[in-house]
Amino acid sequence: MAEELYVKETVIDINEKMLENLTAMQGDSGRAILFSILADGKVYDLTDKQVRAYAIKPDKTKVFSNLEVLYAEKGLAELKLTNQMLAVPGKIRLILVISKGDATLSSKVILLNVEPTIMDDSAIESTDSFT
């Protein structure tokens with residue numbers, strides 16, 4: 001498993017629209033986003049909860065990925081941006097889904113802009129990815 005080289009920290013309120021512009025470079029595999037999750041401005045406790053990202057890439061392929069809950073009581077969860085997630089340049093639309101048992105809670109849509117690389121990326125083929 002690759003170790004992250006760069007972690008972007010960002011705050012998201014599950015009841016508010018995401019205002020921060022998130023960006024990454026096509027083909028990178030050493031990036032992650034550390035989400036500080038709030039609900040109505042207060043820390044959202046993730047104890048005994050699972051957090052997943054559901055994303056649609058610019059080419060309409062889909063990515064489902066589990067976030068690692070780092071500090072549940074502080075609402076901190078990390079999304080590793082995989083090579084497959086960053087395979088296609090353009091805007092990725094993603095949501096975070098928090099679940100416990102049969103109950104789910106979804107964030108508003110988060111936009112992640114994937115900048116095109118100037119390196120040869122012919123070896124990366126975009127496919128659906130479910131981890």
Report task. For an R0 of 35 angstrom, estimate the FRET efficiency from the Cβ-Cβ distance between Val43 and Ser126 and round to the nearest 0.05. Result -> 0.45
Report task. Quantify, in whole percent, the carbon and sulfur part of the accessible surface of the chain (1.4 Å probe; protein heavy atoms only). Result -> 52 percent
Report task. Using a 10 Å cut-off on Cβ atoms, rank the peptides 55-68, 16-29 from the highest mean neighbour count down. Result -> 55-68, 16-29
**Report entry** Distance (nanometres) between label positions extended 7 Å along Cα→Cβ at Lys62 and Leu105
**Finding:** 2.4 nm
Requested in this report: Restricting to the chain, compute how many DSSP beta bridges are antiparallel as a %, nearest 5.
Outcome: 70 percent
Query raised in the report: Using a basic spin-label model with each label point 7 Å from the Cα along Cα→Cβ, how many nm lie between Val11 and Ser29?
Result: 3.5 nm
Query raised in the report: When ligands, DNA and RNA are left out and all protein chains stay put, how many square angstrom of accessible area per residue does the chain have with a 1.4 Å probe?
Result: 58 Å²
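The values are calculated or read from the model by the stated rules, or taken from the named source; none is laboratory data. Just so it is clear, the structure is predicted and the values come from calculations on it, not from any experiment. When we count neighbours, we look across all protein chains shown, and the Cβ atoms used for this are built from the backbone with ideal geometry, even at glycine. All accessible areas refer to the heavy atoms of the entire protein, side chains included, with ligands and DNA or RNA removed. Shrake-Rupley method; radii C 1.70, N 1.55, O 1.52, S 1.80 Å.
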